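Here, each number is a calculation from the coordinates, and none is a lab measurement. No experiment lies behind these values; they were computed from the predicted model shown. Positions of Cβ are generated from backbone atoms using ideal geometry, with glycine treated the same way; all protein chains shown enter the neighbour counts.
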Ligand code: BGC
């Protein structure tokens with residue numbers, strides 16, 4: 001059977017979905033087994049076009065879909081506030097995205113039913129279902145779980161008894177008079193050439209602030225910095241448990257695919 005006819009279909013009990021993760025430097029896509037959270041295709045990447053305008057990105061999106069010969073619903077993880085498919089912020093992306101109905105634009109360009117959501121929300125959805133946020137029986141951890149991604153910015157995904165509260169944007173909390181992500185993102189560590197220990201002390205300060213505001217039961221830390229948790233997590237000393245994300249590079253793709261499939 002041609003892959004194009006498999007879009008989000010049940011084939012031998014395997015339910016397939018498709019996710020795209022958009023970042024500042026790359027747009028990555030893969031076919032996902034929605035029952036296990038595993039990628040069942042290659043993870044195909046194309047450089048993010050510069051300037052990263054909506055129309056230029058729509059073209060790349062179509063190339064990613066064509067590469068995987070996908071048809072059917074698909075999800076897109078995007079580094080911004082996204083309300084009902086409409087982009088509402090542009091901290092680290094091209095400002096021309098503000099107010100664009102991404103679902104409408106990408107659906108019209110691709111002929112697929114496209115559902116966009118915030119990147120940290122997508123990463124959290126994947127972790128809560130298949131990663132460190134899932135219990136042994138597969139159910140999401142109860143209580144308040146806060147996913148935080150440390151990359152170019154700081155993204156946040158808030159879960160209450162497994163249910164996402166979307167678009168929390170806690171990377172932009174004001175801390176000591178600064179936008180928190182400008183001091184504690186992974187990019188800030190690189191830009192200022194901080195040691196892991198010095199950067200960890202900023203992250204700890206930031207986590208303590210979020211802890212005081214939300215009293216979560218668990219922090220899950222993801223993004224680029226979660227690939228090397230041994231370098232900095234041992235320096236973090238707060239009351240709330242902090243666990244590194246497990247799905248690393250794939251969480252945006254997997255979470256986006258799940259969100260598109262589960263959408264009402
Ligand atoms: C954006 C968020 C995004 C985060 C991580 C922040 O600058 O405002 O929407 O989730 O970066 O990419």
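For the chain, modelled as a GNM whose springs connect Cα atoms under 10 angstrom apart, the maximal fluctuation among 111, 19, 37 occurs at 111. Applying Stokes-Einstein at 37 °C and 0.692 mPa s to the Kirkwood radius of segment 57-151, computed over alpha-carbon pairs, gives a translational diffusion coefficient of 223 µm² s⁻¹. Normalised by residue number, the volume inside the convex hull of the Cα atoms of segment 136-246 is 99 Å³ per residue. Pairwise alpha-carbon distances in the chain exceed 28 Å for 31% of all pairs. When each of the peptides 191-201, 206-216 is scored by how many other beta carbons lie within 10 Å of its residues on average, the order from highest to lowest is 206-216, 191-201. Give me the percent of DSSP beta bridges within the chain that run antiparallel, rounded to the nearest 5. Taking every DSSP beta bridge with both residues in the chain, the antiparallel ones total about 65 percent.
Just checking the listed ones, 122, 245, 188: in the Gaussian network model of the chain with Cα springs under 10 Å, the one fluctuating most is 188.
Please tell me the relative contact order of segment 136-246 in percent, rounded to the nearest whole number, where contacts are Cα pairs under 8 Å and at least six residues apart.
Details: 182 pairs, mean separation 31.0, N = 111.
Normalised by residue count, the contact order of segment 136-246 is 28 percent.
Averaging Cα coordinates gives a centre for segment 102-147 and one for segment 37-101; these two points are 14 Å apart.
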